[in-house]
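Chemist: Next up is a structure, given as structure tokens.
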Amino acid sequence: MLKQLFAPVDMTEGIPWKGIVAFSIPMLIGNIAQQLYNTADSIIVGRYVGDNALAAVGSAGPLLNLLLVLFVGISVGAGIMVSQYFGARQREELSETIGNCVTLTAISSLILMVCAPPVIRPMLRFLNTPDSILDWCTSYLIILMVGIAGMAYYNILGGILRGLGDSISALVYLLVATVLNIGLDLLFVAVFKMGVSGVALATAIAQSISAILCFMKLARLTDIFDFKLRHLKISWKHTRTIIALGLPSGLTQAILSSAMIIVQSLTNSFGEMFIAANVIVMRVDGFAMMPNFSFGTAMTTYAGQNVGAGKYDRVIKGAKQGTGIAMGVSTTITVLILIFGRYLMGIFTETEALVDLSMRMMRILAVGYIAMAVTQSLSGVMRGAGDTMTPMWISMITTIVIRVPVAYGISWLTRTPELPHGRCECVFISLFVSWTIGAILTFIFYRRGKWKEKAIK
């Protein structure tokens, strides 16, 4: 029974919604654990160092996401190829795909370790990062970049395991790393007084251990694919396909991160209090968004395996059922946030004004999670089928054409002598508007059905 629990799952048979939910639950728990990384960092530095340290960790987030776009592309391309080759029972293609991912990740990690640290401080200055948190932001990001290989390998190898239908193993390894991360956070920050640098070091160590566990698991799956030295050699055929499938998602991440950086510059103009409030809201947002991300990933694996097996009728049936369940879960979460949000905000800080400001911003976002349930689920279906371009264009439109202009437009229109930068609500109103329009566009393009023509040949 235990061996079966940790085995890859074939999602081309059985009742669609049951397979999707069974796959999503470990994913959801895993996403909770993943979010605990960031949340534990924020709570510990907020409580033991202060509100400015909390703001420093949050301000580093958009730039960190931009620096990680290489791995986003590899991970998405790998997950799609793995799920389709697994569904089609193509052992050699599956083996070469996994081997190429391991090599590409090593090359990308080395590039980032060398190139990223020298540009971090100039980029933070360009973003108008307040001097009071500049040094903390810089040290936090440099430590994460030096230890980037562990973070990269965990996310990519975890994505491969999920592409094989094994969401349980990735969950267990993440839970181990999360517990270790929280323990190291407390040790480095509360005991050794290392501040923000201690938080970054704890994260790097914990994710490296989870990456090693993923390697060990994949090496044991010899009944499904081969994990030998010859498969680590770069195959241009597989590398091109990984890049072709992953590049749109990588570009999407780059665009989203760039837009977040532009908006972060606007956020920074409102001062340390609003920066800290933004961090708190985004931490709660991370938990609220987890079911959507979980269902999105589940739909990618489900669609990939069934497209690989040529079962398009099951893809459509599963898309309807999965999206409906995701919307129901998001509706429940929205209600809970509106009722209990203040208690969640109070975990991060004892400053009453900061709690009030954070809750005011969260009320603007709350209903948007239902729209994101549609976007994540149907985008997952399209990606799983091999259509990564459509979600990319939708993200570009909603972020560049809608979010950034709306944020700066509201800021400009609401300027007064008392509020020289306008009303701070502009940051979250723009996010809600972009989410809503994104859901509408995603539904329209899913219904058009062009994604059915994108399967790997």
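The values are calculated or read from the model by the stated rules, or taken from the named source; none is laboratory data. Since this is a predicted model, take the numbers as computed values, not measurements. Note that we place each Cβ from the backbone using ideal geometry, even for glycine, and neighbour counts take in every protein chain shown. Remember, those area values only see protein heavy atoms, side chains included, never the ligands or the DNA or RNA. Shrake-Rupley method; radii C 1.70, N 1.55, O 1.52, S 1.80 Å.
Chemist: Which condition from (1) over 15 Å from residue 61 (Cβ atoms); (2) at pLDDT 85 or above; (3) among the acidic types (Asp, Glu) is the one that residue 223 breaks?
Modeler: Answer for residue 223: the failing condition is (2).
Chemist: Now for a different question. Are there helices (runs of 4 or more DSSP H) fully within region 311-421 with at least 1 residues that are among the basic types (Lys, Arg) and open to solvent by 30 Å² or more (accessible area, probe 1.4 Å)? List them.
Modeler: Ranges flagged: 312-345, 352-365, 368-384.
Chemist: Still on this model: Scan region 53-72 for residues that are among the small types (Gly, Ala, Ser) and open to solvent by 10 Å² or more (accessible area, probe 1.4 Å) and report the count.
Modeler: Count: 2.
Chemist: Then there's this: When you look at residue 43, is it part of a helix (DSSP H, G or I), among the hydrophobic types (A, V, I, L, M, F, W, C), touching a residue at least 60 places away in the same chain (Cβ under 8 Å) and open to solvent by 40 Å² or more (accessible area, probe 1.4 Å), yes or no?
Modeler: So residue 43 fits the description; yes.
Chemist: Look at residue 102 and say whether it is touching a Ser or Thr at 6+ places or on another chain (Cβ under 7 Å) and either under 30 Å from residue 454 (Cβ atoms) or crowded, with 24+ Cβ neighbours inside 10 Å (or both).
Modeler: No: the conditions fail for residue 102.
Chemist: A further question on this structure: For region 176-194, give me each residue that is assigned to a helix (DSSP H, G or I), open to solvent by 10 Å² or more (accessible area, probe 1.4 Å) and closer than 14 Å to residue 41 by Cβ.
Modeler: Once the filter is applied, which keeps residues that are assigned to a helix (DSSP H, G or I), open to solvent by 10 Å² or more (accessible area, probe 1.4 Å) and closer than 14 Å to residue 41 by Cβ, region 176-194 yields 180, 182, 183, 184, 186, 187, 188, 190.
Chemist: Does residue 303 fit the bill of being in a helix (DSSP H, G or I), over 30 Å from residue 40 (Cα atoms) and either open to solvent by less than 20 Å² (accessible area, probe 1.4 Å) or not aromatic (Phe, Trp, Tyr) (or both)?
Modeler: Yes; evaluated as a whole, the condition is true for this residue.
Chemist: Follow-up. Does any residue of region 439-451 turn out to be touching a Lys or Arg at 6+ places or on another chain (Cβ under 9 Å) and either without any contact (Cβ under 8 Å) to a residue 60 or more places away in the chain or open to solvent by less than 10 Å² (accessible area, probe 1.4 Å) (or both)?
Modeler: So far as region 439-451 goes, yes, one or more of its residues are touching a Lys or Arg at 6+ places or on another chain (Cβ under 9 Å) and either without any contact (Cβ under 8 Å) to a residue 60 or more places away in the chain or open to solvent by less than 10 Å² (accessible area, probe 1.4 Å) (or both).
Chemist: Also, quick follow-up: Going through 60, 56 one at a time, which residue ends up being more than 17 Å from the chain's Cα centre (by Cα), modelled with pLDDT under 80 and on the phi < 0 side of the Ramachandran plot?
Modeler: 56
Chemist: Please count how many residues of region 112-130 are more than 30 Å from residue 161 (Cβ to Cβ), open to solvent by 10 Å² or more (accessible area, probe 1.4 Å) and at pLDDT 85 or above.
Modeler: Residues flagged as more than 30 Å from residue 161 (Cβ to Cβ), open to solvent by 10 Å² or more (accessible area, probe 1.4 Å) and at pLDDT 85 or above within region 112-130 amount to 7.
Chemist: From 230, 220, grab the single residue that is closer than 27 Å to residue 386 by Cβ and open to solvent by 10 Å² or more (accessible area, probe 1.4 Å).
Modeler: Exactly one residue qualifies, and that residue is 230.
Chemist: Right, another one. Do we find a residue being more than 28 Å from residue 322 (Cα to Cα), of a type outside the set (Lys, Arg), assigned to a helix (DSSP H, G or I) and at pLDDT 75 or above anywhere in region 84-93?
Modeler: There is at least one residue in region 84-93 that is more than 28 Å from residue 322 (Cα to Cα), of a type outside the set (Lys, Arg), assigned to a helix (DSSP H, G or I) and at pLDDT 75 or above.
Chemist: Moving on. Here are some residues: 224, 209, 255. Which one is under 21 Å from residue 166 (Cβ atoms), part of a helix (DSSP H, G or I) and of a type in the set (A, V, I, L, M)?
Modeler: Unique residue meeting the criteria: 209.
Chemist: Oh, and also: Go through region 5-27 and report how many residues are assigned to a helix (DSSP H, G or I), at pLDDT below 80 and open to solvent by 40 Å² or more (accessible area, probe 1.4 Å).
Modeler: Summing the residues that are assigned to a helix (DSSP H, G or I), at pLDDT below 80 and open to solvent by 40 Å² or more (accessible area, probe 1.4 Å) in region 5-27 gives 1.
Chemist: Against the condition in a helix (DSSP H, G or I), hydroxyl-bearing (Ser, Thr, Tyr), within 22 Å of the chain's Cα centre (by Cα) and closer than 14 Å to residue 212 by Cα, how does residue 109 come out, does it pass?
Modeler: No; evaluated as a whole, the condition is false for this residue.
Results for (1) under 24 Å from residue 30 (Cβ atoms); (2) among the aromatic types (Phe, Trp, Tyr), shown as yes or no for each residue.
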| position | (1), (2) |
| --- | --- |
| 153 | yes, yes |
| 160 | yes, no |
| 191 | no, no |
| 196 | no, no |
| 199 | yes, no |
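Chemist: Can you find a residue in region 196-211 that is among the hydrophobic types (A, V, I, L, M, F, W, C), farther than 24 Å from residue 137 by Cα and at pLDDT 80 or above?
Modeler: Yes, region 196-211 has at least one match.
Chemist: Related question: Can you list residue pairs whose Cβ atoms sit under 9 Å apart, with the first residue in region 124-141 being touching a residue at least 24 places away in the same chain (Cβ under 8 Å) and the second being outside any helix (DSSP H, G or I)? Count only pairs 6 or more apart in sequence or on different chains.
Modeler: These pairs meet every condition: 130/271; 136/49; 137/129; 141/116.
Chemist: Another one. Kindly list, by first and then second residue, each pair from a residue in region 6-28 that is closer than 13 Å to residue 169 by Cα to a residue that is modelled with pLDDT under 80 and open to solvent by 50 Å² or more (accessible area, probe 1.4 Å), limited to pairs with Cβ atoms under 7 Å and residues at least 6 apart or on different chains.
Modeler: What qualifies is 23/9.
Chemist: Name the residue, out of 109, 95, that is free of Cβ contacts under 8 Å to residues at least 60 places away in the same chain and buried (at least 18 other Cβ atoms within 10 Å of the Cβ).
Modeler: Of 109, 95, the one residue that is free of Cβ contacts under 8 Å to residues at least 60 places away in the same chain and buried (at least 18 other Cβ atoms within 10 Å of the Cβ) is 109.
Chemist: Quick check on my filter: what residues within region 128-175 are part of a loop (DSSP other than H, G, I, E, B) and under 22 Å from residue 294 (Cα atoms)?
Modeler: Selection gives 164, 165, 166.
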